[in-house]
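Undergrad: The structure under discussion is supplied below as structure tokens; questions concerning it will follow.
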Amino acid sequence: MAAPLPFDPSQLPVHIGIIMDGNGRWARQRNQARTQGHLEGLKAAKRVVKAASDVGLRFVTLYAFSTENWKRTAEEVGFLMGLIKKHLAAEFDFYRENRIRVRHTGALPSLPPEIAQEIRSVCDDTRSFNGLTVVLALNYGGRDEIVRAVQRLMVENSDPLGVTEQAIAAHLDNPDIPDPDLIIRTASEKRISNFLLWEGAYSEFYFSDKLWPDWSEEDLFAALQDYQSRERRFGGIRA
């Protein structure tokens, strides 16, 4: 008989975001190339996504490649782009078996054309799946998303009075996805790093000392348990 879950399955967050940090440090601790850390990080992402799907989470956004990551060496960026291209379509059986829908957030036109096409294809191929939705934040920056949202809004309505909070929110990359209830960051870092700046205004945060490649379903469960101990007031006072 399976052990009981350490959290209440009826009180899950609807949407969690994960800043997957620590791949390079994981590799360095083992005297391996940073690329090996990224490979192990991909395996961790699959483990955590499977666990999220199994417990009934609705949305998970994975911070896979930021607009600032282009500053890394050409070798590392090239490896990451190759990793994305190789594994997005190759994991289709995993998406189908778990009814996982893949979506994207970020500046898609600025990615290499073959990577952008791969993302479009996997999003189209999984569109009908009705389980967990995994949002891949690729070439993503929170400030960039807000700028692009305002630009889209101004194309439709040049009246400055039309630039409202609701109008900007409606022009974000995925306006139909609810804001994240919980944002997780691994590897001891305690900053948001330009991730979901608009959407995460009232998110709860969970920081883990464990490096991302070492994460397992138990670590996700610990984060969910911690989340359920919070009292969310959204700036108000509970009577």
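Undergrad: Scan Tyr227, Tyr202 and give me the residue that is among the hydroxyl-bearing types (Ser, Thr, Tyr), surrounded by fewer than 20 Cβ atoms within 10 Å (Cβ to Cβ) and either over 26 Å from Gly24 (Cα atoms) or touching a strand residue (DSSP E or B) at 6+ places or on another chain (Cβ under 6 Å) (or both). Outline the logic, then answer.
TA: On the way: Tyr227 fails: surrounded by fewer than 20 Cβ atoms within 10 Å (Cβ to Cβ).
The match here is Tyr202.
Undergrad: Still on this structure, I have one more. Using the structure shown, decide if Asp173 is assigned to a loop (DSSP other than H, G, I, E, B), of a type in the set (Asp, Glu) and touching a residue at least 12 places away in the same chain (Cβ under 8 Å). Write out each step before concluding.
TA: Numbers: assigned to a loop (DSSP other than H, G, I, E, B): yes; of a type in the set (Asp, Glu): yes; touching a residue at least 12 places away in the same chain (Cβ under 8 Å): yes.
Judged against the criteria, Asp173 is a match.
Undergrad: Any chance you could count how many residues in segment 9-54 are modelled with pLDDT under 95, charged (D, E, K, R) and not in a helix (DSSP H, G or I)?
TA: 0
Undergrad: Answer yes if at least one residue in segment 186-201 is assigned to a loop (DSSP other than H, G, I, E, B) and within 17 Å of Gln11 (Cβ to Cβ), and no otherwise. Full working, then the answer.
TA: Within segment 186-201, the subset assigned to a loop (DSSP other than H, G, I, E, B) is 186-201.
After this cut, where a residue has to be within 17 Å of Gln11 (Cβ to Cβ) as well, the list is none.
No, segment 186-201 contains no residue that is assigned to a loop (DSSP other than H, G, I, E, B) and within 17 Å of Gln11 (Cβ to Cβ).
Undergrad: In this structure, is Asn130 under 26 Å from Trp70 (Cβ atoms), of a type outside the set (A, V, I, L, M) and not in a helix (DSSP H, G or I)?
TA: Working: under 26 Å from Trp70 (Cβ atoms): no; of a type outside the set (A, V, I, L, M): yes; not in a helix (DSSP H, G or I): yes.
Answer is no for this residue.
Per-residue answers, yes or no, for (1) aromatic (Phe, Trp, Tyr); (2) in contact with a Phe, Trp or Tyr (Cβ under 8 Å, 6 or more places away or on another chain):
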| position | (1), (2) |
| --- | --- |
| Glu156 | no, no |
| Trp215 | yes, no |
| Ala223 | no, yes |
| Asp226 | no, yes |
| Arg230 | no, no |
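Undergrad: Here is a follow-up. Starting from segment 64-80, take each residue that is closer than 18 Å to Gly106 by Cα and modelled with pLDDT of 95 or more and list its partners that are of a type in the set (Asp, Glu) and surrounded by 12 or more Cβ atoms within 10 Å (Cβ to Cβ), counting only C-beta distances under 7 angstrom and pairs at least six apart or across chains.
TA: Correct list of pairs: Thr67/Asp144.
Undergrad: Could I ask something else about it? Please determine whether any residue of segment 84-102 is in contact with a Cys (Cβ under 6 Å, 6 or more places away or on another chain) and not aromatic (Phe, Trp, Tyr). Outline the logic, then answer.
TA: We begin by selecting, within segment 84-102, every residue in contact with a Cys (Cβ under 6 Å, 6 or more places away or on another chain); these are 102.
Of the ones still in play, those that are also not aromatic (Phe, Trp, Tyr) are 102.
Yes.
Undergrad: Have a look at Ala223, Ala149 and point out the one that is over 23 Å from Pro13 (Cβ atoms) and modelled with pLDDT of 95 or more. Explain how you work it out, then say what you get.
TA: Details: Ala223 fails: over 23 Å from Pro13 (Cβ atoms).
On inspection, the qualifying residue turns out to be Ala149.
Undergrad: Can you find a residue that is free of Cβ contacts under 8 Å to residues at least 60 places away in the same chain, out of contact with any strand residue (DSSP E or B) (no Cβ under 7 Å at 6 or more places or on another chain) and more than 22 Å from Arg101 (Cβ to Cβ) anywhere in segment 10-22? So that I can check it myself, show each step before the final result.
TA: Just the residues of segment 10-22 that are free of Cβ contacts under 8 Å to residues at least 60 places away in the same chain, to begin with: 10.
Okay, now just the ones that are also out of contact with any strand residue (DSSP E or B) (no Cβ under 7 Å at 6 or more places or on another chain), so 10.
Filter once more, so that each one left must be more than 22 Å from Arg101 (Cβ to Cβ): 10.
Yes: one or more hits.
The values are calculated or read from the model by the stated rules, or taken from the named source; none is laboratory data. Just so it is clear, the model here is predicted, and its values are computed rather than measured. When we count neighbours, we look across all protein chains shown, and the Cβ atoms used for this are built from the backbone with ideal geometry, even at glycine.
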